[in-house]
1. Scan segment 11-34 for residues that are touching a helix residue (DSSP H, G or I) at 6+ places or on another chain (Cβ under 9 Å) and either among the acidic types (D, E) or not in a strand (DSSP E or B) (or both) and jot them down.
2. Looking only at segment 60-110, filter to residues that are at pLDDT 75 or above and aromatic (F, W, Y); which one of those is most open to solvent (accessible area, probe 1.4 Å)?
3. How about segment 22-55: which of its residues are of a type outside the set (A, V, I, L, M, F, W, C) and open to solvent by less than 20 Å² (accessible area, probe 1.4 Å)?
Amino acid sequence: MATLSKLYSMREATEHNTRDDCWVVIHGKVYDVTSYLEEHPGGDDVLLSAAGRDSTEDFEDAGHSKSARDLMQDYYIGELDPDTAIPELEIFRKDKSSAFTTILMNKTVQYLAVPTVILGVSIVAGFWYSRNK
């Protein structure tokens, strides 16, 4: 007899990514590993870095044993809903310079370029004056 599993969206899974509420998604299954954080042989940091996202590749790369795979069933809470879209990361591009960059460039011109030009003109004028004397 088939058992019904609760379906979770990826968006919902991404909200569970803290030490107090830690879910991982592996092979389309959702696991609440919050109570397992302290027991994980690789340390809690491994699970926390995999929390709130599809960690299938990380899980497989670690080469888990059959007993580790069997233990996962204790933390199984449901399936990932295949009909929900995985939230895309927003790509942030800075096309315009920030206010800080603008201020920094203005100060550079004000305090470095202008005095350098004045000093250069003064040296040239000094040489020209001393040669014409």
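The values are calculated or read from the model by the stated rules, or taken from the named source; none is laboratory data. The structure displayed is predicted, hence computed values, not measured ones. All Cβ positions, glycine included, derive from the backbone under ideal geometry; neighbour counts span all protein chains shown. Keep in mind that these areas ignore ligands, DNA and RNA; they rest on the heavy atoms of the full protein, side chains included. Shrake-Rupley method; radii C 1.70, N 1.55, O 1.52, S 1.80 Å.
1. If the condition is that a residue be touching a helix residue (DSSP H, G or I) at 6+ places or on another chain (Cβ under 9 Å) and either among the acidic types (D, E) or not in a strand (DSSP E or B) (or both), then H16, R19, D20, D21, H27, G28, D32, V33, T34 are the ones that fit.
2. Taking the candidates together, the pick is Y76.
3. Residues satisfying the conditions are Y31, G52, S55.
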